[in-house]
Structure formats: C-alpha cells, structure tokens
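A quick write-up on the structure given underneath.
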Amino acid sequence: MCCALACCCVGDASDENYENLLHKGRRSCTDCSFLILFLIFCGGLGSIAWYAVDNGDPYRIIFGSDSFGNTCGRNNGPIWIRSNKSVSREQFEFSGQNMTERRYMFPLNASRALDTIWACVRSCPEDTVTSYEGIKKLAVEHNNSLCVDYDSAIEAAKRKPRFGVCPRLPVLKSTDIMNRCIPEDLIAFGKDLLRK
C-alpha cells in the first residue's frame, strides 16, 4: 500500500513506514491558541468594517465630494459654520447644492490636483478648452458648468473670474476614472511609464 503522507516529508513510501505511522497513536492539533488568535483578529476586522459602513458614508468614497462639502451625485444639505460664539452661524459658501446631475469630480487646476479646488460636473471635458468663451459655451450649450457655480461660467467670457471659481486655462481633455476627471495626457504618461 502506498503511503498517503509521502508528499508531507515522509521519506519512504513503503508499506512498513505506513504501518509504523498508524501505530504511533492519535495526533492532536497543536495550534489551537493561534486558531483562537486568528478568529479574534478576523472578528476585529469585521467589527471595524461594520463600524465604518454604519457610521461612515461609502457614497462619498465612490462619487467623491467637492471642496465645499457637497457629495457629487446627490442632493446635499447645507453646512453651517460659525467663526466665533458671538456671531450667528452662516451657511458655508456653495454648500447645500443639488448635485444629482453632477456625478464627476473635476479639479480646477489639473497641474496641481492635490492643492486645488475640486468641483462636481455633469461630465468630464471631451475636448481641450483654451478660452473662457469655451467654458461659457460648455455651460450654455451642454449644461455642463466647469466652474463652481453656473453663474460664474456664464460671466467667465465677460471678465476673467477670480481664481478658484473657474478652472485654470487650458482645461485638458479628460476621462473619468472612478468618477474623477483625469486628464488624458496624464493617463498617456502613466501608460508610457509602465511600458518602460
């Protein structure tokens, strides 16, 4: 008869060795303490995950939120702020907007995405925009304001808007990845980097 444990470092697969193994006695689990420790660890991870889903907002991770506290893709309530206790509270500017149609996060300065203001937009720019007239055209014809609010996009062609309300020019053609507008130049650069 062939030894069933030959793959587990039992040297000889002869019938004698198999018989000797049968007569050694009962084997027992020696890692019970580590099994208990592993189960406690899994329970801890499960409770942390449950707490995060129960008390957090997974929707904000999926769709993201703009720099004013609005979650893209849903209707938001206003955020109230108070500078000190003697002043009455005020609504935070541009918070509490209905963003159900604006599902994508767009950086107002794509070259400094970590330091810039992000806004919710209806769709990522499909072409490179090089003028404020182009931003106005997107807002009027396609109902896609790349500025923080619609009025700023309409006024953009008349006067240069203050920084932070409308995007810095040129606005690069972008693709949405996980509901974030990423410039196609950056995607092409990343692909070239991976090929090398």
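The values are calculated or read from the model by the stated rules, or taken from the named source; none is laboratory data. Given the structure is predicted, the values throughout are model-derived calculations rather than measurements. When we count neighbours, we look across all protein chains shown, and the Cβ atoms used for this are built from the backbone with ideal geometry, even at glycine.
Out of the residues in the range 172-191 that are in a loop (DSSP other than H, G, I, E, B) and not hydrophobic (A, V, I, L, M, F, W, C), state the one that is farthest from residue 120 (Cα to Cα). Please lay out each step first, then the result.
Within the range 172-191, the subset in a loop (DSSP other than H, G, I, E, B) is 172-173, 178-179.
Remaining after also requiring not hydrophobic (A, V, I, L, M, F, W, C): 173, 179.
Values: 173: 16, 179: 10 Å.
Applying the filter and picking the extreme gives 173.
Quick check on this structure: which one of 47, 33, 28 is loosely packed, with under 10 Cβ neighbours inside 10 Å, in a helix (DSSP H, G or I) and either hydroxyl-bearing (Ser, Thr, Tyr) or at pLDDT below 90 (or both)? Step through it out loud before you land on a result.
Numbers: 47 fails: loosely packed, with under 10 Cβ neighbours inside 10 Å; 28 fails: in a helix (DSSP H, G or I).
Testing whether each residue is loosely packed, with under 10 Cβ neighbours inside 10 Å, in a helix (DSSP H, G or I) and either hydroxyl-bearing (Ser, Thr, Tyr) or at pLDDT below 90 (or both) leaves just 33.
Kindly indicate whether any position in the range 5-18 is surrounded by 11 or more Cβ atoms within 10 Å (Cβ to Cβ) and either within 30 Å of residue 166 (Cα to Cα) or at pLDDT 90 or above (or both).
no
So if I check each of 126, 93, 133, which one is of a type in the set (D, E, K, R) and in a helix (DSSP H, G or I)?
After ruling out the rest, the residue left standing is 133.
Against the definition (on the phi > 0 side of the Ramachandran plot, hydrophobic (A, V, I, L, M, F, W, C) and either buried (at least 17 other Cβ atoms within 10 Å of the Cβ) or at pLDDT below 90 (or both)), how does residue 68 come out, yes or no? Please lay out each step first, then the result.
Details: on the phi > 0 side of the Ramachandran plot: no; hydrophobic (A, V, I, L, M, F, W, C): yes; either buried (at least 17 other Cβ atoms within 10 Å of the Cβ) or at pLDDT below 90 (or both): yes.
Here the answer is no, as residue 68 does not meet what is asked.
How many of the residues in the range 136-149 are outside any helix (DSSP H, G or I) and either charged (D, E, K, R) or crowded, with 19+ Cβ neighbours inside 10 Å (or both)? Quick ask: steps written out before the conclusion?
The initial filter retains those residues of the range 136-149 that are outside any helix (DSSP H, G or I), namely 142-149.
Still in the running and either charged (D, E, K, R) or crowded, with 19+ Cβ neighbours inside 10 Å (or both): 144-149.
Adding up the residues that qualify gives 6.
Any chance you could count how many residues in the range 98-122 are of a type outside the set (D, E, K, R), assigned to a loop (DSSP other than H, G, I, E, B), more than 17 Å from the chain's Cα centre (by Cα) and surrounded by fewer than 18 Cβ atoms within 10 Å (Cβ to Cβ)?
Let us first name the residues in the range 98-122 that are of a type outside the set (D, E, K, R), namely 98-100, 104-111, 113-114, 116-121.
From the residues that got through so far, the ones that are assigned to a loop (DSSP other than H, G, I, E, B) too are 99-100, 108-109, 113-114, 116-117.
Cutting the leftovers down to more than 17 Å from the chain's Cα centre (by Cα) gives us 99-100, 108-109.
So of that shortlist, the ones also surrounded by fewer than 18 Cβ atoms within 10 Å (Cβ to Cβ) come out as 100, 109.
Final tally of qualifying residues: 2.
Mind checking whether some residue in the range 87-98 is out of contact with any strand residue (DSSP E or B) (no Cβ under 8 Å at 6 or more places or on another chain), at positive phi and modelled with pLDDT under 90?
Yes, the conditions are met somewhere in the range 87-98.
Under 6 Å between Cβ atoms, which residue pairs at least 6 apart in sequence (or on different chains) link something in the range 161-173 that is modelled with pLDDT under 85 with a partner that is outside any loop (DSSP other than H, G, I, E, B)?
Cβ pairs passing all conditions: 161/152; 165/152.
Among the residues of the range 118-141, which ones are over 14 Å from residue 171 (Cα atoms) and touching an Asp or Glu at 6+ places or on another chain (Cβ under 9 Å)?
120, 122
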